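Here's the structure, in structure tokens; my notes come after.
The values are calculated or read from the model by the stated rules, or taken from the named source; none is laboratory data. These numbers come from a predicted model, not from an experiment. Positions of Cβ are backbone-derived with ideal geometry, glycine not excepted, and every protein chain shown enters the neighbour counts.
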Amino acid sequence: MTWNEIYEAADGAACGDDTLKAKDEARHQVRCLAMELGSPDLDNADCPEDVVEDYCNAMKIQFDECGNIVGLELPHWVEDIIYRRKDDAYLEEDLNVTAQELAGGNIEISDEQMQRMMAMYRHDEDSNVAMNDTLESVVCRVLGRN
């Protein structure tokens, strides 16, 4: 099902109706996905449903009858980040940039610290955590920053 199909099915539904619950769930899942990709909270938009529709159309998001995302096409830039971080040189660069941003300036990272961060990232990337959250978490754990 598309967002439009879910939205139209819920139009005029009574409170507690399954179609309304499916619309709310679909909206929530798209909102969370967009924020994981770095977008501002959709709830702050003038018309959040229009922004949800834009995301759904752009990523060709498909839902089941309960409003769960069952299919989508990631934007090319997200795939680029994923593939880029498979290469150690690029991962090291991304970790260094993240460390500099978190420190608010120029800090020295030893080879040992960088190797620990890379190993931890490789372990954490398999978990269900947003990519940038994983980078920040690894940098903070190794460098002892909050």
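General remarks:
- Among the criteria (1) in contact (Cβ under 8 Å) with a residue 60 or more places away in the chain; (2) closer than 24 Å to Val142 by Cα; (3) over 18 Å from the mean Cα position of the chain (by Cα), the one Glu65 does not fulfil is (2).
- Search result, residues across the range 26-52 that are over 17 Å from the mean Cα position of the chain (by Cα) and in contact (Cβ under 8 Å) with a residue 12 or more places away in the chain: Pro48, Glu49
- For the range 15-25, the set of residues classified as touching a residue at least 40 places away in the same chain (Cβ under 8 Å) and either of a type outside the set (D, E, K, R) or surrounded by 14 or more Cβ atoms within 10 Å (Cβ to Cβ) (or both) consists of Lys21, Ala22, Lys23, Glu25, listed by residue number.
- Verdict on Tyr55 being without any contact (Cβ under 8 Å) to a residue 60 or more places away in the chain, closer than 29 Å to Leu135 by Cα, loosely packed, with under 12 Cβ neighbours inside 10 Å and under 16 Å from the mean Cα position of the chain (by Cα): no
- Listed by position, the helices (runs of 4 or more DSSP H) contained in the range 31-145 that have at least 2 residues being modelled with pLDDT of 90 or more and closer than 30 Å to Leu20 by Cβ are 48-59.
- Of the listed requirements (1) more than 30 Å from Leu143 (Cβ to Cβ); (2) at pLDDT 90 or above; (3) not in a helix (DSSP H, G or I), Ala13 misses just one: (2).
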